[in-house]
Amino acid sequence: RGRSLLSAPLLPAAGRMRTEVGRIGFVELESGAGGSVHERRVRATSYLPASFEQETAEAPPLPPAEHVDPDAEEDADPAAQVTSLLKPVCATMAIVIYLLQTLDSRQQPASGFSSLMVYSEKKTDTAGAIAEGVLVNGLVMVGMLFGVTTALMLLYRFRCYVLIYSWLLFSVGSLLFLFGDFVSQGLLDAYGVSPGAEVFLLLHGALGVFAVAGAVLVFWADLGCARCAGDLPLLRQAYLVLISALIAWSATKLPEWTTWGLLGAVALWDLVAVLSPHGPLKVLVET
């Protein structure tokens with residue numbers, strides 16, 4: 001009967017092995033020096049937990065169970081990745097379309113990029129003049145991007161993190177405040193609202209708080225705020241979508257050929273900065 005449960009060669013030369021048999025108790029197999037196996041059935045008065053005990057040889061511990069991160073499974077799902085990309089893109093497009101349909105471009109101030117343009121495109125200009133002006137504007141934009149990226153790379157290499165975050169916070173905050181001011185004035189004019197002095201001051205105060213809060217939330221985790229106040233992914237993503245929509249709306253106020261020229265120049269600059277052996281963006285990533 002003992003060999004039906006556990007064969008004799010598997011037992012030690014002289015030892016004892018126990019295995020549970022339901023609520024009855026357990027069966028103890030004992031091997032003698034000559035290789036004979038003796039079975040002794042012990043009855044238990046209460047339920048014994050499942051155990052498998054060998055006194056002469058201890059079994060190795062089981063490896064710890066692997067922790068499965070649900071976010072990692074979501075990241076590995078291609079459908080979830082596509083959905084996570086489409087949601088902010090669709091939200092940005094919806095905001096831009098609303099602003100374009102609501103705000104009258106003839107009554108709105110010029111785009112924030114207009115002050116950076118050397119050439120101002122006019123409908124009466126010839127094709128050669130437009131092409132030359134667009135080329136000049138593209139070179140100016142690429143030069144500015146080269147200077148900003150190189151400065152950022154040098155600051156990062158020399159570990160000037162305070163200057164980097166101060167610069168980024170100021171850029172995001174000023175963008176939200178200035179572009180938000182343009183949009184808020186346009187919406188008030190579009191809906192026929194003429195605020196008084198008190199409402200005007202209150203509106204700009206609210207815009208200031210909105211801009212400061214947005215600048216902090218965009219860099220919430222980098223500033224170490226997530227450790228004490230928790231992460232705020234939805235608010236941060238909402239601010240990023242709003243920033244993208246404001247920049248896209250401001251770019252639509254540029255002349256047509258100037259817009260296409262700037263997009264082409266920026267795309268070429270990104271390729272050179274990332275793929276070239278000594279490109280600033282490539283050096284910044286590899287530093």
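The values are calculated or read from the model by the stated rules, or taken from the named source; none is laboratory data. Worth saying up front: this structure is predicted, and the values here are computed from it rather than measured. No Cβ is skipped: glycine too gets one built from the backbone with ideal geometry, and neighbour counts run over all protein chains shown. Just the protein is used for accessible areas: all its heavy atoms, side chains included, with ligands, DNA and RNA removed. Shrake-Rupley method; radii C 1.70, N 1.55, O 1.52, S 1.80 Å.
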### Message
Among the residues that make up the stretch 185-200, is at least one of them in contact with a helix residue (DSSP H, G or I) (Cβ under 8 Å, 6 or more places away or on another chain), in a helix (DSSP H, G or I) and free of Cβ contacts under 8 Å to residues at least 24 places away in the same chain?
### Response
no
### Query
Does any residue in the stretch 262-282 that is in a loop (DSSP other than H, G, I, E, B) come within less than 7 Å, Cβ to Cβ, of a residue that is open to solvent by less than 30 Å² (accessible area, probe 1.4 Å) six or more places away or on a different chain, and which pairs are these?
Gly279/Ala273
### Query
Mind checking whether some residue in the stretch 266-277 is over 20 Å from the mean Cα position of the chain (by Cα) and surrounded by 16 or more Cβ atoms within 10 Å (Cβ to Cβ)?
yes
### Task
Spot the failing condition for Tyr239; the list is (1) farther than 18 Å from Leu145 by Cα; (2) open to solvent by less than 40 Å² (accessible area, probe 1.4 Å); (3) over 20 Å from the mean Cα position of the chain (by Cα); (4) not hydrophobic (A, V, I, L, M, F, W, C), and only one is missed.
(3)
### Query
Taking the stated definitions as given, is Ala248 among the small types (Gly, Ala, Ser), open to solvent by 30 Å² or more (accessible area, probe 1.4 Å) and within 30 Å of Gly133 (Cβ to Cβ)?
yes
